[in-house]
């Protein structure tokens, strides 16, 4: 059974809204009405050994940091602030304290770096190491960003370089950490310990100019498709506009791959992707520049359905088989 | 590494309190200040195939219900109401929709029975089926029940029959479900689908007479020890006062075991255990009787440290090796 099938089923079995739930599954976080001025944001994400990380590539502390990052990024995508986390940590009996302590410390330290803290947890015996995190945050009602406000004509932006995470993984799969060169270091680091875009999410949510937002967990092509599904639109991404690092391009070249595919289908970059109405573009660019925020335009929202990619002068449909699947 | 060791380490690495956190690890839920009149309660609990359940004994729907129940019970123990759940569900690629759908439906149905709903989730590929749940609830500030208010002289009560869950597991380990007799049915059912004590938790929290409360997840002896640790007291449990079912006694006898050990060390009964100051006992008994709430007295809180069990006229220390360990 594929993840997408199961999620579709899960969605169908849930009521979309109830009196106190503003938005449930279908966005980065569940949005719950709580105080008159604020929403509660709730997200959950699990990392499982052999699926989301390999102990060959990751230090224990990095596994902990990564688990924190994936959840923090979901809160950032909705314009909120992360606050409280709980974690279930599973591990085999043979695991030593020398493995678990740094994992745990890395996790807590990373939460704290983003202003959140661990308030509870559960440890269980398991066949493999896993860490399942739930993170609670909050956002002022007026500042909530969702996936569902994109409109035809809106421009699509991202907050930073894409494809590095997949490039880093490509390096990690090909050599030991000691063999990693200086030019490969940054993409590798970005794969191991992503940096969720908290400041950017807050700036976007304060701007009043952003019509939709999502965090890039599965690649720009796959994630814009989610925005389109929720907004009832289509999208075109221009591959030549994708912000790629020189390192990622070199790594892709060496692997006989295309760095723009890393950006489109690579996953786990944890940048934010957002849309801005055309009429607000110049004002938005000034706003971003004045605050030192990077924003790369990569495409636009269109009428109709489906995601198209312009590459080498040709417009093609999204390549489904390339989409990042954490299940593979 | 044992669960207790790791939890002790986890505790030591957490600050006990911060401005907005009233109580973190050490109680059934994390308690977060939110609105002027209410606390947010957050709890997390995971079930892992082969550790917390066996697919031999459990139907998929029962696994889902059990996952909901364990978390709901934590909210009940603090006097609160369960509201919002998120779940990470892990499963191997070979699992069929015929297994996952009823698991999911059982989970959602059980949440709804207790007034809570699923607001988000994550599915991941894993070696075994697991379900990691985070449940958010709320409680009026004045009605919060914790583990830390027990005082010497307080009487210890439980809300219902103990030991049935372990008795049920004993039956399940010895035969197929088709072979289960009518007299074994109830303990088996209580093991498979526990019923958290929501109404009782609310009545206890409204009474204003309860000094501490915990849900029975690991057995009366082990769980009262937790109350004592948090309250800085000791406790004596009178084994002759433990409310046991006739079925559990018969099952224990057949297995050459002692049903009072099922109650003391058996785990997963999910009744509430609470303490009442001596001066309020008669008033409390009237309060409970008038509301149709069962409350069995099983012992009392004493000065000093440690949990003692009176059995066959002799007072003995808690038998640590018998304590239910989900890791075994």
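Where a number appears in this text, it was derived from the coordinates with a stated rule and is not lab data. No experiment lies behind these values; they were computed from the predicted model shown. Cβ sites come from the backbone with ideal geometry, for glycine too, and all protein chains shown count toward neighbours.
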Ascending list, in nanometres, of distances separating the residue B:310 label from those of the other copies (7 Å, Cα toward Cβ)
8.6
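Tell me, what is the percent relative contact order of chain A, built from C-alpha pairs under 8 Å that lie six or more residues apart? Provide the component values of the computation, followed by the final result.
Details: 745 pairs, mean separation 68.8, N = 328.
For chain A, the relative contact order is 21 percent.
Going by a ≥ b ≥ c, the root eigenvalues of the Cα gyration tensor, does the range B:255-304 fall in the rounded group (a/c under 1.5), the prolate group (a/b larger than b/c) or the oblate group? Intermediate results must be reported in sequence, preceding the final value.
Working: a/c = 2.88, a/b = 1.62, b/c = 1.78.
Verdict is oblate for the range B:255-304.
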For n ≥ 4 DSSP H runs only, could you compute -39500 (n - 2.57) per run for the protein assembly as shown, divide by its residues and tell me the 222 nm figure to the nearest 500?
-11000 deg cm²/dmol
Determine the distance separating the Cα centre of the range B:42-57 from the Cα centre of the range A:202-244; give it in Å without decimals.
37 Å
Between the range A:269-328 and the range A:85-150, what is the C-alpha centre distance in whole Å?
29 Å
Can you list, shortest first and in nm, the gaps between the label point of residue B:113 and those of its counterparts in the other copies, using a point 7 Å from Cα in the C-beta direction?
4.4
Residues in the range A:123-141 that a label on residue A:55 would reach, taking backbone N under 19 Å of a point 7 Å out along Cα→Cβ
A:123-132
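Going by how many other Cβ atoms sit within 10 Å of their own, how do B:73, A:282, A:260 line up, fewest first?
Values: B:73 30, A:282 9, A:260 26.
Ascending Cβ contact count within 10 Å gives the list A:282, A:260, B:73.
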Other copies of residue B:36: label-to-label distances in nm, shortest first, labels 7 Å along the beta-carbon direction
1.0
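From the square roots a ≥ b ≥ c of the eigenvalues of the alpha-carbon gyration tensor of chain A, which class results: rounded (a/c under 1.5), prolate (a/b over b/c), or oblate?
Working: a/c = 1.57, a/b = 1.13, b/c = 1.38.
The shape class here is oblate.
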